[in-house]
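Taking it in order: structure first as structure tokens, then the write-up.
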There are 2 protein chains.
Amino acid sequence: MRNLRLDIAYDGEPYCGWQVQPNGLTVQQVLTETWKKITQEDVVPIASGRTDSGVHALRQPVAIETNMTLTLDAVQRALNAELPPSIRVLDVAEAASGFDPVRHAKRKLYRYVVHDGPVGDVHLSRLCWKVRSRLDVDAMNLAARRLEGTHDFRSFETEWPNRASSVRTVSFCRVGRIGDFVSIDVEANGFLYNMVRAIAGTLVEVGRGVRAPESIETLLRGGNRSQAGPTAPAQGLFLVRVDYPASTGDPDPAGSNEEGRE
Amino acid sequence: MRNLRLDIAYDGEPYCGWQVQPNGLTVQQVLTETWKKITQEDVVPIASGRTDSGVHALRQPVAIETNMTLTLDAVQRALNAELPPSIRVLDVAEAASGFDPVRHAKRKLYRYVVHDGPVGDVHLSRLCWKVRSRLDVDAMNLAARRLEGTHDFRSFETEWPNRASSVRTVSFCRVGRIGDFVSIDVEANGFLYNMVRAIAGTLVEVGRGVRAPESIETLLRGGNRSQAGPTAPAQGLFLVRVDYPASTGDPDPAGSNEEGRE
């Protein structure tokens, strides 16, 4: 049996997230049905993690165990010919046997995009959170730096009592601006439910001047979700990249050459 | 009577172009109806030029003669509150009396966007022309330079016999690449029907290696539309900017300080 790794991109708007569910179309369902159409084979594609309804992925690694004998190139071409334009297969590779995109993930990078111009963007409004006040990116960065490191992030988790531990290591949290777009990049070894969207909602409050950057420490210590900012809307959230150890066959050097970063 | 200049942006996809027509929703119609809703006044917004069905505008100047007494800021806010997100008012200014956005236009800049990556972009496929072969941007630029200057552009015009003259001056024609996106910028003192889309279709043939950059001279001399490349699809075309002389009150220095460029 082959274990294939597909890296896929998707526009989250038409989908109820990644994982198959009874009440709406999901990316996993479309991929499963398209695979069946091409190969007559039933598979269960496993992604690095679920994404919520409306969340986008620029590169989501997916593992598929298959008996299919097509070449990697033929798999990619056949899938892209049949999938809707909102889902694209960027790469197909043979993964190490036993490669598990969930368990082996070392780090993920998410980007949250906010638009704070006086007038919305006619082309990109579906891909960002439009806020009314101009954001202070320097203040947001002061707050973002305070999120870096190993902390209990339960104040940034929706429904936190469900997990054994809400301690995670954020290796990178930075805010940048290009014109009227403000991007919030968060890289961590794991994410709690709605964690990036709660971080984005909180950093936007800092950017609006209604929350001090220094308050992040109190927030982390308090462990109380209601003290943090709102959960930012899904449409501004992008899964950018997932890094794996070199032993899984990850072709991306960012995933294999920076062991010291965590 | 006031003469207002509105600079608007629009996503062309939902509209049958700028100009009111019987068989489909247009940007002019939406703007006219929105104005009426706010002011109870019937106006005829005049744009710098028509854009075709599906063509986008990043900044389209529009003149409106009005008796309405709202401040400029209030006009902008009221319109943006009522217009759909696919149309935004970027600026509102008092124009010189008699300002005519068609007749006074000195230069327009259009951008045509092509995507030539192996895999389409999930978020931006609506905003570009997807081509299969990797394009040679250097060759395209050699061809683009040959379009600069004053020429008879009838070989790049659909239905050319309708005009008195098809001589235009292209002040700038350049091709650039950002990743898998290739942009073709064409600046001229006026454009013939479908001219930028015919130029894009022709330059893409050069980029694919099926047409030599040197052939542009023969093409211009021949004056035969059928010898040029295909008309590229509307969805990749953006009106970027229209320049006016300083005497019209144009706030944009690019429109007023470069008289020597034409």
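Here chain A is assigned +1 on the Cβ of each Lys and Arg and -1 on the Cβ of each Asp and Glu. Its dipole about the Cα centre then comes out at about 580 debye. With R₀ set to 60 Å, the beta-carbon distance separating B:Val167 from A:Ser247 gives a calculated FRET efficiency near 0.35. Working from label points 7 Å from Cα in the Cα-to-Cβ sense, the A:Leu72 to B:Ser125 distance is 2.3 nm. Between A:Asp11, A:Asp91, A:Asp42, the GNM of chain A built on Cα springs shorter than 10 angstrom shows A:Asp42 fluctuating the most.
Annotation for B:Arg2, label-to-label distances across the other copies: 6.7 nm (shortest first, one decimal, point 7 Å from Cα along Cα→Cβ).
When chain B is treated as a GNM with alpha-carbon contacts under 10 Å, the residue of B:His123, B:His151, B:His56 showing the greatest mean-square fluctuation is B:His123. Remark: relative contact order (chain B) = 23 percent; criterion is Cα-Cα distance under 8 angstrom and separation of 6 or more residues. Largest GNM mean-square fluctuation across A:Thr26, A:Thr150, A:Thr69, computed for chain A with C-alpha springs under 10 Å, falls on A:Thr69.
Between B:Thr218 and B:Val102, the modelled label-to-label distance comes to 3.8 nm, taking each label 7 Å out from Cα in the direction of the beta carbon. Beta bridges assigned by DSSP with both partners in the stretch B:6-130 are antiparallel in approximately 85 percent of cases.
For the protein assembly as shown, a/c is not less than 1.5, where a ≥ b ≥ c are the root eigenvalues of the C-alpha gyration tensor, and a/b does not top b/c. That puts it in the oblate class.
For A:Gly236, what is the net charge nearby, where nearby means another residue's Cβ is under 11 Å from its Cβ and Lys, Arg count +1, Asp, Glu -1?
+4
In chain B, the DSSP-assigned H stretches of four residues or longer account for a calculated mean residue ellipticity at 222 nm of -6500 deg cm²/dmol, using -39500 (n - 2.57) per stretch and the full residue count as denominator. Scanning residues 5 or more positions from A:Tyr193 or on other chains, those with amide H under 5 Å from its amide H are A:Thr158, with H placed 1.01 Å from N in the peptide plane. Copy-to-copy label distances for A:Glu159, where each label lies 7 Å from Cα along Cα-to-Cβ, are 5.8 nm in order of increasing length. Please work out whether the stretch B:1-64 counts as rounded, prolate or oblate from its C-alpha gyration tensor, where a ≥ b ≥ c are the square roots of the eigenvalues and a/c under 1.5 means rounded, while otherwise a/b larger than b/c means prolate and anything else oblate? Here the stretch B:1-64 falls in the oblate category. Net charge of the neighbourhood of B:Phe181, taken over other residues with C-beta under 11 Å away and scored Lys/Arg +1, Asp/Glu -1, is 0. What separates the B:Asn23 label point from its copies, with the point 7 Å along Cα to Cβ, is 4.3 nm, written shortest first. Taking a straight line from the alpha carbon of A:Lys37, these lysines sit under 26 Å away, with near neighbours fewer than eight places off in the same chain left out: B:Lys130. Once the C-beta distance of B:Thr39 and B:Asn189 is scaled by a Förster radius of 35 Å, the resulting FRET efficiency is 0.50 to the nearest 0.05. For the stretch B:13-109, the gyration tensor built on C-alpha atoms gives an oblate shape. Its axis ratio a/c (a ≥ b ≥ c) is at least 1.5, and a/b is not larger than b/c.
What does the net charge come to around A:Lys36 if you take all other residues with beta carbon closer than 11 Å to its beta carbon, with K and R at +1 and D and E at -1? Net charge around A:Lys36: -3.
Between the stretch A:5-48 and the stretch B:2-34, the C-alpha centres lie 39 angstrom from each other. For the stretch A:6-130, relative contact order (Cα pairs under 8 Å, six or more residues apart, normalised by length) works out to 29 percent.
Every read-out reported here was derived from the displayed coordinates using simple, explicitly stated rules and does not represent laboratory data. Here the structure is a predicted model, which is why all the values come from computation and not from measurement. Because the Cβ atoms are built from the backbone with ideal geometry, glycine has one as well, and the counts that use them run over all protein chains shown.
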